[in-house]
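The values are calculated or read from the model by the stated rules, or taken from the named source; none is laboratory data. What you are looking at is a predicted structure, and each value in this text was computed from that prediction instead of being measured. Methodologically, a virtual Cβ is constructed for each residue, glycine included, from the backbone with ideal geometry; neighbour enumeration extends over all protein chains shown. These accessible areas exclude ligands, DNA and RNA; they are computed on the full protein's heavy atoms, side chains included. Shrake-Rupley method; radii C 1.70, N 1.55, O 1.52, S 1.80 Å.
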Amino acid sequence: MTTPDALCAAPLAWTATEERPAIRRTMITSAARGRDGWRMKTRSQVAKGPTPNARSVAFLRKAGWTAEVVEWWNAHSRTRHDLFGIADVLAFDECFVLAVQATAGGHAALRRKKAEADPRLLSWLEEYHRRFQVHEWRMAGARGKRKLWTVAVWEAVLIEGAIEWRRLDG
């Protein structure tokens, strides 16, 4: 049986014309691991930077809110659960309580539709001091220039019992 230390010492072979693959070793559960207990991950399988939730928390804290992630992971069923089924991040300041659904890429429309379908959003917005937003994070920038993470903020507003979405500057 090969020990994890022996795997670390074994050199990886690649030719001079190929780029060396980035390898990260992770210990995994007994149901999925090989004989030695280690599985190799390539660069594409390793998480790349902060999550949209972490980006939204940092964004809100910079704006003066007290914010925390309230989404949780159920390891048994391998699913993520949002607060009230709609919120990933909860923030507050002196006047308002803000629930945020954070997403990456072009999924903001799906998140808005999901939140709108949930009756708990209506009851959340009925109180004047509660707000709900969807934060959409994406890489953007001019062609040929460095791409930076930008946020599009969509806020739900309750008008005559119906939810309307307004885009705010992020």
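In segment 131-158, how many residues are surrounded by fewer than 16 Cβ atoms within 10 Å (Cβ to Cβ) and closer than 21 Å to Phe84 by Cβ?
2
Among the residues of segment 64-79 satisfying the criterion of being aliphatic (A, V, I, L, M) and out of contact with any helix residue (DSSP H, G or I) (no Cβ under 6 Å at 6 or more places or on another chain), which is surrounded by the most Cβ atoms within 10 Å (Cβ to Cβ)? If you could, list the steps in order and put the result at the bottom.
Filtering segment 64-79 for residues aliphatic (A, V, I, L, M) gives 67, 69-70, 75.
Checking which are out of contact with any helix residue (DSSP H, G or I) (no Cβ under 6 Å at 6 or more places or on another chain) leaves us with 70, 75.
Working: Val70: 17, Ala75: 7.
Across segment 64-79, the extreme among qualifying residues is Val70.
Could you tell me which residue of segment 80-100 is most open to solvent (accessible area, probe 1.4 Å), considering only residues that are free of Cβ contacts under 8 Å to residues at least 24 places away in the same chain and assigned to a loop (DSSP other than H, G, I, E, B)?
Looking only at segment 80-100, we keep the residues that are free of Cβ contacts under 8 Å to residues at least 24 places away in the same chain, and these are 80-83, 90, 94.
Filter once more, keeping what is assigned to a loop (DSSP other than H, G, I, E, B): 82, 94.
Values: Asp82: 31, Glu94: 169 Å².
The residue in question is Glu94.
Going through segment 116-137 one residue at a time, which ones are out of contact with any strand residue (DSSP E or B) (no Cβ under 6 Å at 6 or more places or on another chain) and either small (Gly, Ala, Ser) or closer than 19 Å to Thr51 by Cα (or both)?
Of everything in segment 116-137, those that are out of contact with any strand residue (DSSP E or B) (no Cβ under 6 Å at 6 or more places or on another chain) and either small (Gly, Ala, Ser) or closer than 19 Å to Thr51 by Cα (or both) turn out to be Ala117, Ser123.
Would you confirm, using the coordinates I've provided, whether Thr103 is outside any loop (DSSP other than H, G, I, E, B), of a type in the set (Val, Ile, Thr) and open to solvent by less than 50 Å² (accessible area, probe 1.4 Å)? Full working, then the answer.
Values: outside any loop (DSSP other than H, G, I, E, B): yes; of a type in the set (Val, Ile, Thr): yes; open to solvent by less than 50 Å² (accessible area, probe 1.4 Å): yes.
Criteria met by Thr103.
Within segment 106-132, track down each residue that is touching a residue at least 40 places away in the same chain (Cβ under 8 Å) and either in a strand (DSSP E or B) or under 20 Å from Phe59 (Cα atoms) (or both). Lay out the reasoning, then the answer.
Within segment 106-132, the subset touching a residue at least 40 places away in the same chain (Cβ under 8 Å) is 108, 112, 115-116, 121-122, 124, 132.
Selection gives Ala108, Arg112, Phe132.
Do we find a residue being without any contact (Cβ under 8 Å) to a residue 60 or more places away in the chain, assigned to a helix (DSSP H, G or I) and not polar (S, T, N, Q) anywhere in segment 133-155? Steps first, answer last, please.
The first filter runs over segment 133-155 and keeps only residues without any contact (Cβ under 8 Å) to a residue 60 or more places away in the chain, leaving 133-134, 136, 138-148, 150, 152-155.
Imposing the further condition that a residue be assigned to a helix (DSSP H, G or I) reduces the set to none.
Within segment 133-155, none of the residues are without any contact (Cβ under 8 Å) to a residue 60 or more places away in the chain, assigned to a helix (DSSP H, G or I) and not polar (S, T, N, Q).
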